[in-house]
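The values are calculated or read from the model by the stated rules, or taken from the named source; none is laboratory data. Here the structure is a predicted model, which means the values were calculated and not measured. Please note: Cβ atoms are built from the backbone with ideal geometry, for glycine as well, and neighbour counts cover all protein chains shown.
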Amino acid sequence: MEQLRQTAAAQNLTLPTYKDLQARIQKLGKNIALFYPLILDDRLELVLFIPDRPPIRKTVTVKRTEFEQQVGEFRKLLTNPNRTALPKIHHSAQQLYTWLVQPIDAELKAANVQTIVYAPDGQMRYVPLAALHDGTQWLTQRYQINYLTALALTPINAPTTRLPSAFAAALTQGRTITVAGKTYSFSPLTFSQAEVEQVAKTIPNTKALINQPFNRSNLLAQMPQSTIVHLA
């Protein structure tokens, strides 16, 4: 991923140099693609890796300021949802879909991609790709979407054979926190405890934390020991 950033910064994105990255993707299966949208000042570079195919690069002309403004508006709508905002959510979700997914839609369909491994850049880290809309469906209705938050792909390997162990944690109570002198109130998450209970029911080897025990120290202690992490 760092190679992509360095090359794009020099405006010389030479995709054939990423053979090692593509080889790693091939280990994951035939119907999986890695999608990496790179945000530059005057355009988006959409990079798609599909097993057994040359890397695909699409350029979308849109200024960073315009793109990030749309991302910010979409995020605001998603974090404060209500029925009156639904048309605005659809409009914003479709605009982002037009920039990010529509240019690679034909390639995804041709390869029968079912799972997208998504490595978001910049502000896209704060917006779920699954929430984009093609005018008919949400993207989550079409694909399983997994996220890579790190820039390196070294953790990607063939599926492990050891039994899964899950760490599931949830906050069911509202909280008020103060950051830089400003106070923020967060409403309780109604179904978060039910989610954790369902994870524990589905995966016997589950460590579950609810409310007070769900803190930074416990989180850091449990994550390295778990193959599945669910936070609500």
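Mind checking whether some residue in the range 9-30 is of a type in the set (A, V, I, L, M, F, W, C), modelled with pLDDT of 85 or more and more than 19 Å from the chain's Cα centre (by Cα)? Write out each step before concluding.
From the range 9-30, those of a type in the set (A, V, I, L, M, F, W, C) are 9-10, 13, 15, 21, 23, 25, 28; that's our starting set.
From what's left, modelled with pLDDT of 85 or more: none.
For the range 9-30, residues of a type in the set (A, V, I, L, M, F, W, C), modelled with pLDDT of 85 or more and more than 19 Å from the chain's Cα centre (by Cα): absent.
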| Hey, does the range 56-64 have a residue that's of a type outside the set (D, E, K, R), modelled with pLDDT of 95 or more and closer than 13 Å to L34 by Cα? | no
| Tally of residues being surrounded by fewer than 15 Cβ atoms within 10 Å (Cβ to Cβ), over 11 Å from A170 (Cα atoms) and not hydroxyl-bearing (S, T, Y) across the range 181-218 | 8
| said: Which pairs turn up if I take residues in the range 80-102 that are not assigned by TED's automatic domain parsing to the domain that holds H133 and look for partners that are at pLDDT below 85 and loosely packed, with under 11 Cβ neighbours inside 10 Å with beta carbon separation below 8 Å, at least 6 apart in sequence or on another chain? | reply: none
| note | Filtering the range 219-229 down to residues that are loosely packed, with under 13 Cβ neighbours inside 10 Å and among the small types (G, A, S) yields A221
| remark: Result of the Cβ filter at 8 Å on the range 179-200, keeping first residues that are over 27 Å from S226 (Cβ atoms) and in a loop (DSSP other than H, G, I, E, B) and partners that are modelled with pLDDT under 80 and not polar (S, T, N, Q), at least 6 apart or interchain, is S187/G174
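If you check A232 against the conditions, is it surrounded by 10 or more Cβ atoms within 10 Å (Cβ to Cβ) and at pLDDT below 80? Spell out the reasoning first.
Numbers: surrounded by 10 or more Cβ atoms within 10 Å (Cβ to Cβ): yes; at pLDDT below 80: yes.
In short, yes.
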| Taking the range 112-143 as the search range and keeping residues that are hydrophobic (A, V, I, L, M, F, W, C), farther than 20 Å from T59 by Cβ and out of contact with any His (no Cβ under 9 Å at 6 or more places or on another chain), which one is modelled with the lowest pLDDT? | V127
| request: Collect the residues in the range 48-102 that are over 15 Å from L132 (Cβ atoms) and of a type in the set (S, T, N, Q), keeping them in residue-number order. | output: T59, T61, T65, Q69, T79, N80, N82, T84
